[in-house]
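Colleague: Please find one structure pasted underneath; my questions will follow.
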């Protein structure tokens, strides 16, 4: 078989195949063609020596804001990919039904990086969130647009993977659980998962997860007090365990205000690992404290989460949450995306959203990406 690209000699970690071994990975026709030792090459094949590196399925960042130029939070998806090894960026509610067409035409379609989206139930999405102006879009119930959201979601099934709503004091003011219930009605109607943001009460963390269905995603799941998933003695709240038992997914969504080392230590000590690790990278946190996907992964590595579980939470688990099994895997026939990572030992400073610093001894970094079966360089 004629290959387009071979990654030679890396440590391949692919949780979808329970694979952790030194293998070659070959790509052809935009897909993964073969994984195995000593894959034969021939003239004209792009062969990349990745020995000393880790090769994973293309990283999926389940929570980003990449409507660049369309919202104040938006960052450039291709720049994100270059720095953090993300090959699939999931935009979570930057656009609503009133402006999704522009997001699709001007950002998603021209992007070399795959962009999928959770559509916000608010008509204009997250439309006024900056360092100076903070408008909670879910506080404005007149902006909730369930009929329009259903129409736009059904018309864009190829790239819309779910419905997004933001609730909490900053996002929904005193509207409480009402926007969440409206979004759940929309998600039921279109048969897609819901991603719920939670910040300060009201509503309470427990009240939000009590509403979520199997397959729905709570993002900012390891957030600090108030509205943390742990009680005053660090014990997991009963409602958290009940939600996981019925199939609710817990996503990190680091961002500017939604990840604390204290919470993470308690959760991991209780054996409660996140289902998915995501950065919630946007214009207000790309220069800290979140930075990007690999920095968020590095924090979990330094907190003691096993590397294989970290990679699963950034590949396989995210793909399953999106119901996109062709992603997050290096099985032959899967989408031809891969990320090349390094792990450096040393002394590294990490910071969470409340200003606590963690001195870690390892750092995960992106050393390159494969998109559509080709070694990729940003324009």
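The values are calculated or read from the model by the stated rules, or taken from the named source; none is laboratory data. As the structure is a prediction and not an experimental result, all values here were calculated from the model. Here Cβ is always computed from backbone atoms with ideal geometry, including for glycine, and neighbour counts include all displayed protein chains.
Colleague: Which pairs do you get when a residue that is without any contact (Cβ under 8 Å) to a residue 24 or more places away in the chain and outside the structural domain of residue 231 (by TED's automatic domain parsing), found in segment 265-291, comes within reach of a residue that is surrounded by fewer than 24 Cβ atoms within 10 Å (Cβ to Cβ) and not in a loop (DSSP other than H, G, I, E, B), reach meaning Cβ atoms under 9 angstrom, with the pair 6+ apart or on two chains?
Modeller: none
Colleague: Need the failing condition index for residue 173 against (1) without any contact (Cβ under 8 Å) to a residue 40 or more places away in the chain; (2) at negative phi, just the number.
Modeller: So the condition that residue 173 fails would be (2).
Colleague: To continue, here is another question. Filtering segment 45-70 down to residues that are touching a helix residue (DSSP H, G or I) at 6+ places or on another chain (Cβ under 9 Å) and free of Cβ contacts under 8 Å to residues at least 60 places away in the same chain, which residue is surrounded by the fewest Cβ atoms within 10 Å (Cβ to Cβ)?
Modeller: 69
Colleague: Okay, moving on. Would you call residue 325 assigned to a loop (DSSP other than H, G, I, E, B), closer than 27 Å to residue 115 by Cβ, modelled with pLDDT of 95 or more and over 20 Å from the mean Cα position of the chain (by Cα)? Before the answer, list the steps.
Modeller: Working: assigned to a loop (DSSP other than H, G, I, E, B): yes; closer than 27 Å to residue 115 by Cβ: yes; modelled with pLDDT of 95 or more: yes; over 20 Å from the mean Cα position of the chain (by Cα): no.
So residue 325 fails the test.
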